[in-house]
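For reference, the structure is listed below as structure tokens.
The values are calculated or read from the model by the stated rules, or taken from the named source; none is laboratory data. Since the structure is predicted, the reported quantities are computational estimates derived from the model, not experimental observations. Cβ sites come from the backbone with ideal geometry, for glycine too, and all protein chains shown count toward neighbours.
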Amino acid sequence: MENSPLDSTSEMDAAYQRTLWLRRELHRHNHLYHVLDNPEISDAEYDRMMQELLSLENTYPQFQSADSPTARVGSSMLDAFESTQHSLPMLSLDNAFSEQDIIEFDSRVKKYLQIQSDIVYTAEPKLDGLAVELVYEEGKLTMASTRGDGLTGEVITANIRTIRSVPLLLHADAAPARLEVRGEVFIEKKGFQRLNHMRMMENQPLFANPRNAAAGSLRQLDASVTASRPLVMNIYGVGYLSEFITHSHWDMLCRLKSMGFKINPLIRPHLNLHQVLDFYRELGENRSQLPYEIDGMVIKVDDLRLQESLGIKSRSPRWAIAWKFPAIQATTRVISIDVQVGRTGVLTPVAILEPVSVGGVTVSRATLHNEEEVERKDIRISDTVFVERAGDVIPKVVKVVTEKRTGNEIPFQMPTTCPACGSLVNRLRLEASDVSEVAVRCVNTRCPAQLKENIRHFASKTAFDIDGLGSRLADQLVESGLLKSYADIFQLTAEQLEQLDRMGKKSAKNLVAAISKCRQIPFNRFLYGLGIRHVGENTADILARKWGNLDTLMNQPVEALADIAGIGPVIAESIYSFFQNSGNRDVVQRMLEDGVQILSMPLSETETGNIFNGKSLVLTGTLHHFTRTQAKKLIESAGGKVSGSISRSTAYLVAGDAPGSKLEAARKLGIDIIDESRLLELIGVSAPDDSSTLQ
Ligand code: IVH
């Protein structure tokens, strides 16, 4: 029977009421689970309600709303982050490193306020993540931004909406018309381990520490990626408020808690400095048991009127200080120094340590990076050493405890032959813009250690993406002799695979099917998968778009390769010699014979000129070949723009002689730093004659 118009209206009305009810309930359960750690219903029940809401919003798109709990899946996709000016600057904190520093802080506060009596302070764990500001208008989350340089930040609203501990709508009518709150976005230790484990399985690079993981997750233009990361946000303060709330910081946090924000449960007011000092000790002792990383404690004058009288000096308030914990260190003994062989044959020394607990994590090995690092720190076998985990999961050897030397320590010697295949090794000094180091490399292309790494790379997500071919299987396939090169992958049969340890009939069949599925591959991913030295994803992309197909690329003279914007002589030489090598040509040929089909790519519209499309570059120091204006024009001609200050959206810092503070800022943010010649190389032009050098 067809619905009468009246029926369908009332049906829609009922559907709308149901939508509103589901939203309210889902918000409530979300808060119970993610903010209060006190769920009332099972995950399955929550999922069922979410599904129902999703289906209602699908049927009636007019019901959709940015405040809906369904908005947390993060569907929006940006081209770039916009910037926004904070209504009130987001300050940073002065650091203290000792009890004495804190006693002096307390004296300064009293002297400034001309008070002799005890000051009430709140003490808060200093979470190690990123500062974010949230703006609520009429109780609704309308904007979220990063701290940026303190005055201007980047708008990351879509990403923040995906974080479950961030309320999209505030409880209580008590919220002021405009409310700005500030807090820390971070990832808990467990979530971090799970995330890295998943990345390892997918052959993706691991995050060095929870802070980097949180930063990387917030900097996603695709909010659905952020949604998949276990981010948490704690609130620790306010920005602009359109109405007065309270005179006490602690009371403010309590009110924010009742509006639905997550406040760290360890925050407490302390009646005097002694209590603060006791709390620091307590926090330090329990630090490794906490579910998240903290790097210190923040102490704040509780009375907001006193905060106001104390005011700020340049970028930090006089009313607060961060008391840093010492880095987590431990001493242990170097049992031996192993040498690992990487994909490109580089030999890396690794210290094998007597297992020791460093801040709750057992450490038994630490990379020593290269031979020079071992020499510089003079690390010898049997030495007692300090190891440190400064928030990082990858521990490092800080220094040798020389007083513990007995004279029986054995200096390390880099082997002259490859520990995996016995071939002679090559020594090469690598000069990059700011580093110069000696790489010791095994040059045997058939070295099993390199082969294992090569297979891992070949099968990885961004190359051939062979489901099920991870690290362990790559090792097994090489050790059993089934693979002598990655081309052999396409000849593997289920019968051969079944012979391997822990490989059942079903898994063998699945792997063969997965390999078969990868036979059709876009040219850029094919090139990247070959593992040519210096050819990362980006270079592979440039090459694929420039030459379109393998035949043309393989037959290019080295000059033609070096001529492409973004390639340069070193990379060109590496590509050229790869394809000159008859062994490599054979391997490629065999893959094609075994049914690998390379899908050609659309050629780039212009061959040069767009390398910096949409990118922002910053200049610092004295350039030799150009004036600033000329350099700016050049960058603009390649599609980029020049900006005056470093921010997270800076693509490159071009550093000339005597660079300014921008260099340090860029280093801190991990921004690519290039010199003038690299800039020219990227743009694909050569430097003018020295006679025309401009100062
Ligand atoms: S208060 C003026 N409280 O530490 C107040 N900051 O260098 C400024 N942080 O950027 C911040 N936990 O990212 C404050 N409980 C806490 C904090 C905290 C972590 C971070 C924050 C800030 C940095 C200060």
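Tally the residues that are in a strand (DSSP E or B), within 27 Å of Val73 (Cβ to Cβ), within 16 Å of the ligand (Cβ to nearest atom) and of a type in the set (A, V, I, L, M, F, W, C), restricting the search to region 106-163. Summing the residues that are in a strand (DSSP E or B), within 27 Å of Val73 (Cβ to Cβ), within 16 Å of the ligand (Cβ to nearest atom) and of a type in the set (A, V, I, L, M, F, W, C) in region 106-163 gives 6.
Residue-level check: of (1) surrounded by fewer than 17 Cβ atoms within 10 Å (Cβ to Cβ); (2) closer than 24 Å to Val73 by Cβ; (3) touching a Pro at 6+ places or on another chain (Cβ under 7 Å), Glu243 misses just (2). Checked across region 167-174, the condition of being within 16 Å of the ligand (Cβ to nearest atom) and crowded, with 20+ Cβ neighbours inside 10 Å holds for no residue. Here Gln62 passes the criteria (1) more than 30 Å from Gly311 (Cβ to Cβ); (2) in contact with a Gly (Cβ under 6 Å, 6 or more places away or on another chain) except the one numbered (2). Restrict the check to region 190-200 and report whether at least one residue is buried (at least 17 other Cβ atoms within 10 Å of the Cβ), within 16 Å of the ligand (Cβ to nearest atom), aromatic (Phe, Trp, Tyr) and not in a loop (DSSP other than H, G, I, E, B). Looking through region 190-200, none of the residues is buried (at least 17 other Cβ atoms within 10 Å of the Cβ), within 16 Å of the ligand (Cβ to nearest atom), aromatic (Phe, Trp, Tyr) and not in a loop (DSSP other than H, G, I, E, B).
Can you tell me which residue within region 244-283, out of those that are within 15 Å of Leu127 (Cβ to Cβ) and of a type outside the set (S, T, N, Q), is nearest to the ligand (Cβ to nearest atom)?
Selected residue: Ile267.
Listed here are the residues, each with its yes/no results for (1) modelled with pLDDT of 95 or more; (2) farther than 24 Å from Thr70 by Cα.
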{"site": "Asn212", "(1), (2)": "no, yes"}
{"site": "Ile235", "(1), (2)": "yes, no"}
{"site": "Trp250", "(1), (2)": "yes, yes"}
{"site": "Leu266", "(1), (2)": "yes, yes"}
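Inclusion of Leu304 among residues that are over 28 Å from Pro89 (Cα atoms) and within 13 Å of the ligand (Cβ to nearest atom) is not warranted. On the stretch given as region 140-171, residues that are within 30 Å of Ser661 (Cα to Cα) and aliphatic (A, V, I, L, M) total 4. Taking first residues from region 120-140 that are modelled with pLDDT of 95 or more and partners that are polar (S, T, N, Q) and within 8 Å of the ligand (Cβ to nearest atom), the Cβ contacts under 6 Å between residues at least 6 apart in sequence or on separate chains come to Pro125/Asn264. Within region 162-181, residues that are under 24 Å from Asn38 (Cα atoms) have Cβ atoms under 7 Å from residues that are among the polar types (S, T, N, Q) in these pairs: Thr162/Thr226; Arg164/Asn30; His171/Ser258; Ala172/Ser258, counting only partners at least 6 apart in sequence or on another chain. Identification of helices (runs of 4 or more DSSP H) wholly contained in region 410-522 with 3 or more residues that are of a type in the set (Lys, Arg) yields 505-517.
Would you point out which residue out of Thr362, Thr332 is assigned to a strand (DSSP E or B), surrounded by 15 or more Cβ atoms within 10 Å (Cβ to Cβ) and hydroxyl-bearing (Ser, Thr, Tyr)? It would help to see each step written out before you state the result.
Values: Thr362 fails: surrounded by 15 or more Cβ atoms within 10 Å (Cβ to Cβ).
Residue meeting the stated conditions: Thr332.
I'm checking my understanding of the structure. Among residues of region 71-100 that are over 27 Å from Asn30 (Cβ atoms) and more than 15 Å from the ligand (Cβ to nearest atom), which one is surrounded by the most Cβ atoms within 10 Å (Cβ to Cβ)? If we take residues in region 71-100 being over 27 Å from Asn30 (Cβ atoms) and more than 15 Å from the ligand (Cβ to nearest atom), then Ser83 is surrounded by the most Cβ atoms within 10 Å (Cβ to Cβ).
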